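Bear in mind these aren't lab numbers, they're just calculated from the coordinates by the rules spelled out. In this text, all values refer to a predicted model and were calculated from it rather than measured experimentally. Methodologically, a virtual Cβ is constructed for each residue, glycine included, from the backbone with ideal geometry; neighbour enumeration extends over all protein chains shown.
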Amino acid sequence: MKIKLLLMLALLSGMILPPRLLASHLTGPPPQDGRTGEKPRGPAKPVVIPVTIITHGSREEPELQTIDLNVIEDGEPQDNLSVRAVGTNSPITMAILIQDDLVSSIANETKAIAEFIRSLPKGSRVMVGYIRTGTLQVAQKFTGDQERAAKAVRIPLGLASAAPFNPYVEVLEGLNRFVSQPTGRRAILLISDGLDVSRGVDAASATQSIDLQRAIKRAQQRSVAIYSIYAPSAGLAAGNSILASYAQSSLQRLSSETGGKAFFQGLNAPVSFDPFLRAITTALDRQVALTYLSTHTNKGFHRLQIRSSAPGVELNYPSGYTR
């Protein structure tokens, strides 16, 4: 009716409506941002992602900045801005979280853990905490005194009565303590059986743990890479291969989706943490800060894929981030 009235008025007055005005009444307003039904995107924003670059089979170690890295965010290629090596001499903020009911053989590893803390780059900040029933027991708050943090490492209690039903609740508590810390490199070393039985043994899997998913999301928001070492507990998981497999899958997911790495030695307690701690040190030494221009500025989770065409290159990075 409205269109007919406009046409009649135009004919009576001798006026011809401009095609664009007429089209707007016939078809409605133009689509937003040139795409039907899509909201316009804001300006592209830089995003910084920690990436660990490990090369295999190369006679000479290439400079980290020279390795080509291609970023795909939410299925679309993005433009790189810079690749900056941060490695050995760059301080790191790290939390050491140890489950308090691990088997007694883990008592032999406290010296190696303390030496690992001492070996971190100068200026690093370290926290030491123990995961046990109900809460995270902080043995040492974040401190720049690495010797003090190293001395806070103690032998786990090794008692089933100290077992947490869900270690990821305490991991979340540890992640919250990063809020007050400086920005920059951040990581957690988690030594745990990785088993969440808070919702029953039947739900003890990497795909059904709600708090595991929360810990992954929180770590991505805080830019914290989680390195994990599996060790069996003195309680429920001991001697149960099915539960141990579930637990290791959970730790693998936690580490791989946050840019860290998980370490196992079969389903039993590791003979020594030394090779694992050396591998973590190497990974931290081979870390770069990759800055790229993100065209996806809407809130929510953004999935990442980072690839390199260089042969023999292994990349560890978060599976995404939440804006």
- Cut-off under 5 Å, modelled amide H: who pairs with ILE92 long-range: SER124, ARG125
- Spacing of the two label points (7 Å from each Cα toward its C-beta) at ARG154 and GLN265, in nm: 2.5 nm
- Message: Taking amide H atoms as placed 1.01 Å from N in the peptide plane, list the residues 5 or more away in sequence, or in a different chain, whose amide H sits under 5 Å from that of LEU136.
- Response: none
- Under a point-charge model restricted to the Cβ atoms of Lys and Arg (+1) and Asp and Glu (-1), what is the dipole moment magnitude of the stretch 92-284 relative to its Cα centre, in debye to the nearest 20? 740 debye
- Query: Hey, rough spin-label estimate for SER119 and SER308, points 7 angstrom out along Cα→Cβ, what's it come to in nanometres?
  - Reply: 2.2 nm
- Note on the structure: Once phi for every residue in the stretch 178-185 is put through the Karplus expression 6.51 cos²θ - 1.76 cosθ + 1.60 (θ = phi - 60°), the whole-Hz ³J(HN,Hα) values, with Gly and Pro written as x, are 6, 4, 7, 9, x, 6, x, 5
- Taking a ≥ b ≥ c as the square roots of the eigenvalues of the Cα gyration tensor of the stretch 92-284, is the shape rounded (a/c under 1.5), prolate (a/b larger than b/c) or oblate? prolate
- Can you list the residues, at least 5 places off or on another chain, whose amide H is less than 5 Å from the amide H of GLY320, using H built in the peptide plane? LEU304
- Using label points projected 7 Å from each Cα along Cα→Cβ, tell me how many nm separate PHE301 and SER161, to one decimal. 4.0 nm
- Length added when fully stretched, THR133-THR322, from 0.36 nm per residue minus Cα-Cα: 65.0 nm
- Let me know the Kirkwood hydrodynamic radius for the stretch 123-176, please, with Cα pairs as the basis and the value in Å to one decimal. 11.9 Å
